[in-house]
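Reviewing the structure listed below.
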Amino acid sequence: MLGFWSIRAWTDVIAQRFSPSEMNPLNINPLRDAVDALIDFDRVRACTDVEIFISATNVWTGKVAIFKRQELTADHLLASACLPTVFQAVEIDGVPYWDGGYMGNPALFPLFHETMTDDILLVQIHPLERRQTPRTVSEVHNRLNEITFNGNLLRELRAVAFVKRLIEEGKLSPDEYKNHMHRIDASAELDDYEASSKRKAEWDFFVQLRDAGRWAAQSWLAAHYGAIGVCGTLDVQSAFHDAGHHPPAHAFTRSRSLADVAREPGRRAPRSAITRTADKACCGCAAFRWAAACRGHRLGIRPLVL
């Protein structure tokens, strides 16, 4: 009978019965050695070309913590990726932290408050929608994880939509608020991958994700490059709006398109263009995010890839 049980099935059973503290009392984490070996944190902290914000969840308070470039260490990265069913909480200055996705996946507010750019590029890897009803325990658990990790992003998008509507109604100044939201959506490329695939560590799988990220970035640039610095390309309302529910007509105002901008006196919509693919090799789900985000960084926009 045991032959029918895969290694992943055994891992799931053990994870439900034993905590990481019980299974790994010495808190041995090979990921720490890899992070220390691959990343020069002195150079990261000294680099002023790109701002980095890493989110983690404070286990004691349940609130999101944002760590900035100037303070980053291996502990901050490990905390941001600390799934509580796999790793012991990572302590920073005596405070335990879990994965930042529980409270900000990703957290948008640092880019609104602490950067100068008008454009924010969201590289989204967790599908918002799946058109199959989960049946098995594993499927239910996977979909519940996706919904949980997307929940805080949807709440922030609602706030963005509210501010955008006030700007369009003339109640807020567009000069004081960022108004250009963009998104590279991975749904079409990653629909075939279950949430549990994040545990896969095979090199071929990493290469698939990297290539999918590059393809998604090229497609987005081909369609929307001309909008960068001009107008947003993400329909924020539809991003969080349930297709089965229809709000009243006055609830939202229409977002400006490139055609709208082109019709303004003295304005022309810029032409679309594509830059060459960045030669970056990455691993895990970060392969998709990094491959897509590298292209955005070359264009002078600050992508959000936490």
Would a scan of the stretch 91-105 turn up a residue that is closer than 23 Å to Asn145 by Cβ, part of a strand (DSSP E or B), more than 18 Å from the chain's Cα centre (by Cα) and in contact (Cβ under 8 Å) with a residue 40 or more places away in the chain?
yes
Please enumerate the residues belonging to the stretch 192-224 that are within 16 Å of the chain's Cα centre (by Cα) and open to solvent by 70 Å² or more (accessible area, probe 1.4 Å).
Lys198
Given the structure, is Pro134 touching a Leu at 6+ places or on another chain (Cβ under 9 Å), more than 20 Å from Ile54 (Cα to Cα) and not in a helix (DSSP H, G or I)?
yes
Out of the residues in the stretch 165-178 that are in contact (Cβ under 8 Å) with a residue 12 or more places away in the chain and either surrounded by fewer than 17 Cβ atoms within 10 Å (Cβ to Cβ) or touching a helix residue (DSSP H, G or I) at 6+ places or on another chain (Cβ under 6 Å) (or both), which is farthest from Gly229 (Cα to Cα)?
Glu169
Residues of the stretch 68-99 satisfying the condition of being among the β-branched types (Val, Ile, Thr), in contact with a strand residue (DSSP E or B) (Cβ under 7 Å, 6 or more places away or on another chain) and surrounded by 17 or more Cβ atoms within 10 Å (Cβ to Cβ):
Val90
Take the residues of the stretch 100-118 that are under 26 Å from Gln218 (Cβ atoms) and not β-branched (Val, Ile, Thr): which is surrounded by the fewest Cβ atoms within 10 Å (Cβ to Cβ)?
Asp118
Of the residues Leu121, Leu153, which single one is open to solvent by less than 40 Å² (accessible area, probe 1.4 Å) and more than 23 Å from Val230 (Cβ to Cβ)?
Leu153
Residues that are farther than 26 Å from Glu114 by Cα, open to solvent by 70 Å² or more (accessible area, probe 1.4 Å) and of a type outside the set (S, T, N, Q), drawn from the stretch 26-47:
Leu26, Ile28, Pro30, Leu31, Arg32, Asp33, Asp36, Ala37, Leu38
Considering the stretch 48-67 alone, what residues qualify as being aliphatic (A, V, I, L, M), open to solvent by less than 30 Å² (accessible area, probe 1.4 Å) and either free of Cβ contacts under 8 Å to residues at least 60 places away in the same chain or on the phi > 0 side of the Ramachandran plot (or both)?
Ala56, Ala65
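The values are calculated or read from the model by the stated rules, or taken from the named source; none is laboratory data. Keep in mind that this is a model prediction, so the values were computed, not measured. Counting neighbours? That spans all protein chains shown, and the Cβs are built from the backbone with ideal geometry, glycine included. Ligands, DNA and RNA are excluded from the accessible area calculation, which covers all protein heavy atoms including side chains. Shrake-Rupley method; radii C 1.70, N 1.55, O 1.52, S 1.80 Å.
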